[in-house]
Amino acid sequence: MTGDALAMPQRRGACPGLSAPMPTGDGLLARLQPIGTIPLAAFAAVCAATRRHGNGVIEITSRGSLQIRGLSATSAPRFAADIAALDIVAEDGVAICCNPLAGLDAAEIFDSSVLAGELRHALTQASLAPKLSGKVSVAIDGGGVLGLVHLAADIRLGAQMKSGVVAVAVGGDFATANPLGVVSRPDAAEAVTRLLDVLAKRGRDARARDIVATEGIAAFQHALTELLIGEALPRPMRRSAEAIGLHGLRDGSLACGVALAFGHADATALERLVEAAATCGANGLGTAPGRTLFAIGMTPDTASAFAGAAGRLGFIVRADDPRRSVVACAGAPICASAHIAARKLAPVIANEIAPHCGGNFTVHLSGCAKGCAHAAPAALTVVGTPDGCALVADGSARDAPFALVATDELPVAIAQSLRERKREGAHV
Ligand code: SF4
């Protein structure tokens, strides 16, 4: 890391935006959470700015944010100024996550992007963001085909089949969040503001799941007393369609989802992808949870041409691509805390598991026990340690390992673990 990078302020647990990039092992990291569709010219300009000011690699996170690495104290403000001049609307406060195709998806019960706009306005009026942890988030699922089932959030709003009401829950993903009841659609932004105020009153580090664990949901329910108009309907299992592939939009055009292998891509490859999108008639790109990009506004013919071009550029265009079974953090030498080169190992491991794996086996490669890339349990988690790779079965990077292997033995150890799971009857 450069000396000037070290001099930058660092707030633990903060999400590094453009104005406050965070020091990492390869300089400063800036994060941008775009809202809605990014015009193609603006996306190409982000790629060029990344090459000019950073290390030329762009990441899309599991929550759909863009990350740019390798900035310095000198180049980070220039990068921020270049991005500010573009036609990109980005989150600047509490992270509010909507359905990936909000406002475009014909299957939506309500347009989550409209509610998100109301909420941003309310939060600005209430000046709540500075009182909250940078990791606090709100998920708004308007009921489209691409849901937010696996996205954990402090506050969740979900469409109900009964029109005009919104289900409110706290502290978890679709399956684990704690339901509070339903509010009317016009009261939804006010409800979230009150719930975030519960967090703010408990301090800058407060998170909804921790409050639920220690106090239960009483404080949240009390905050909504006169807004709750009923209990949440029993939750039918909500399935989210596969993001990779083609999706019909309200205006009759198509969106095509592709993913970045292991969550990162060279800015030049992304520029080629922008060119392919333009050639195929797309009007923009959208980032989405699951390290995914959508090209928006194509016809069936041009969408399949776009998918072909994306595949040739190294992007993931098939849901069963074995690279999707491997999650890796930046690892060494990018992250100073790493004991293994997680990102470099990822394609090797993906190749190793490809012949055996049907998509139900996730390998998480973590450079250290922090487990940044995947907080949830994985079938196999590999944790870099000073003594080698610790292997954890059906757990997270913080759980107890069942074995310790040398890095060069890792592919063989993972293949063996897969075979054993199959022998035990596990569906991998
Ligand atoms: S898990 Fe550890 S090594 Fe990987 S990016 Fe996070 S801090 Fe760095």
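Just one of 51, 63 is at pLDDT 95 or above and open to solvent by 30 Å² or more (accessible area, probe 1.4 Å); which is it? Full working, then the answer.
Values: 63 fails: at pLDDT 95 or above.
51 is the lone residue from the list that is at pLDDT 95 or above and open to solvent by 30 Å² or more (accessible area, probe 1.4 Å).
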- Task: Select from segment 377-404 the residues that are at positive phi and more than 25 Å from the chain's Cα centre (by Cα) and list them in ascending order.
- Result: 388
- Message: Out of everything in segment 275-290 that is in a loop (DSSP other than H, G, I, E, B) and free of Cβ contacts under 8 Å to residues at least 60 places away in the same chain, what residue ends up being most open to solvent (accessible area, probe 1.4 Å)?
- Response: 281
- Does at least one position in segment 178-192 carry a residue that is among the charged types (D, E, K, R), farther than 23 Å from residue 90 by Cα and open to solvent by 40 Å² or more (accessible area, probe 1.4 Å)? yes
- Test for residue 374: is it more than 12 Å from the ligand (Cβ to nearest atom), surrounded by fewer than 22 Cβ atoms within 10 Å (Cβ to Cβ) and not aliphatic (A, V, I, L, M): no
- Item | Residues of segment 250-264 satisfying the condition of being under 18 Å from the mean Cα position of the chain (by Cα), among the aliphatic types (A, V, I, L, M) and open to solvent by less than 10 Å² (accessible area, probe 1.4 Å) | 258, 259, 260
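Of these, 308, 358, which one is surrounded by fewer than 16 Cβ atoms within 10 Å (Cβ to Cβ), away from the ligand (no atom under 16 Å from the Cβ) and modelled with pLDDT under 90?
Details: 308 fails: modelled with pLDDT under 90.
Checking each option against the conditions leaves just 358.
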- Residues that are surrounded by fewer than 21 Cβ atoms within 10 Å (Cβ to Cβ), touching a helix residue (DSSP H, G or I) at 6+ places or on another chain (Cβ under 9 Å) and not polar (S, T, N, Q), drawn from segment 139-164: 143, 152, 164
- Task: Can you confirm whether segment 313-327 contains a residue that is within 13 Å of the ligand (Cβ to nearest atom) and modelled with pLDDT under 95?
- Result: yes
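The values are calculated or read from the model by the stated rules, or taken from the named source; none is laboratory data. Note that the structure is predicted; figures quoted are calculated from it, not measured. All Cβ positions, even for glycine, are placed from backbone atoms using ideal geometry, and neighbour counts span all protein chains on display. SASA here: full protein model, heavy atoms, side chains in, ligands and nucleic acids out. Shrake-Rupley method; radii C 1.70, N 1.55, O 1.52, S 1.80 Å.
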